[in-house]
1. Suppose the chain between LYS185 and ASP150 were pulled fully straight at 0.36 nm per residue; how much longer would it get relative to their current alpha carbon spacing?
2. Would you grab the residues whose amide H sits under 5 Å from the one on ALA203? Only those 5+ places off in sequence or on another chain, please, with H modelled 1.01 Å from N.
3. Among 50-57, 141-148, 207-214, 154-161, how do they line up by average Cβ neighbours within 10 Å per residue, starting with the highest?
4. Sort 216-223, 129-136 by the packing proxy (mean of other Cβ within 10 Å over each peptide's residues), most packed first.
5. Find the all-direction average of the projected area of the Cα convex hull for region 134-227, expressing the result in square nanometres with one decimal place.
6. Can you work out the Karplus-derived ³J(HN,Hα) for every residue in region 124-133? Use 6.51 cos²θ - 1.76 cosθ + 1.60 with θ = phi - 60°, whole Hz, and x for glycine or proline.
Amino acid sequence: MEFLNEMADDYAYQQSKLKTNLIFEKLKACRTEEDLQRLKVSCGDWVSDCGVPSFYTSTLQEMPQVIERVVATTLPSSGQYGAAVYCRVELLWTFFRPCLCKLAAVSANFLLNGGELTRQTFRGLFLTDWSPEGSNARGEEEETIFHYDDWLIKVEEGEVDATFEDLLVFVTGADHPPALGFPRKCEVHFFDQEPGTRRLPYASTCALFLYLPRGVREEEDFADMMSTSLVGSLGFGKVLT
């Protein structure tokens with residue numbers, strides 16, 4: 001009879017271990033809000049019983065902490081301490097691997113360019129906020145961007161007294177992209193020139209926005225406006241005296 005009880009206990013333990021491993025793998029594979037909602041429905045009670053009653057209100061960003069507490073509860077014995085450590089290391093690698101891959105790609109691109117920004121890499125940092133296709137504003141924006149691209153070519157060829165680092169400082173406050181990139185793409189926006197005025201290009205370093213005037217007719221006029229904005233910008237050590 002005692003032997004049968006031991007077999008029953010061992011079977012129950014193996015079934016519990018199998019269920020624990022299955023749910024743990026589901027927790028580690030959680031990547032989207034939809035995954036998280038399905039987990040809350042299918043495994044919410046089990047996770048709560050593991051000492052994480054807040055799981056039902058947990059966010060996707062809190063999943064590493066949830067999994068760590070589940071590991072600590074389900075693998076408590078000293079004999080299983082190594083497995084718990086391994087699971088935590090594996091969890092950290094799962095979450096940080098995309099960041100490390102992005103860092104490697106950014107670093108490789110930076111080194112291939114000799115540690116300097118090029119026109120191609122600089123333009124790749126930006127999105128353009130266009131007006132609807134076919135509108136008058138869109139036509140003026142395309143004219144401005146034509147002069148802007150021409151000016152960037154002159155920057156790359158050293159024909160103007162400015163560098164891509166100067167322009168990046170003007171827009172973001174940083175003279176090189178961070179190792180893991182900016183939190184979002186920088187953006188080019190446009191504004192209208194009021195009659196009788198000459199507003200210069202300007203930027204918002206908090207929003208990572210560069211504002212350019214619509215409908216600049218002359219290439220030389222646009223180049224002069226950009227140079228005046230960069231040389232006359234205040235802050236980050238660039239003060240016109």
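1. Values: separation 35, 0.36 × 35 = 12.60 nm, distance 2.16 nm.
In short, 10.4 nm is gained.
2. Amide H to amide H, under 5 Å and 5 or more residues apart or across chains, ALA203 pairs with TYR211.
3. Details: 50-57: 15.0, 141-148: 17.6, 207-214: 19.1, 154-161: 13.4.
Going from most to least packed, we get 207-214, 141-148, 50-57, 154-161.
4. Working: 216-223: 14.5, 129-136: 10.5.
Per-residue Cβ counts within 10 Å, averaged per peptide and sorted highest first, yield 216-223, 129-136.
5. On the way: hull surface 27.3 nm².
Here the figure is 6.8 nm², rounded to one decimal.
6. For region 124-133, the Karplus-derived couplings read x, 7, 10, 10, 10, 8, 7, 6, x, 4 Hz, x marking Gly and Pro.
Each reported figure results from applying straightforward, stated rules to the coordinates on display, with no laboratory input. All figures in this text were calculated on a predicted structure; none of them were measured in a lab. Heads up, the Cβs are rebuilt from the backbone with ideal geometry, glycines too, and the neighbour counts pull from every protein chain shown.
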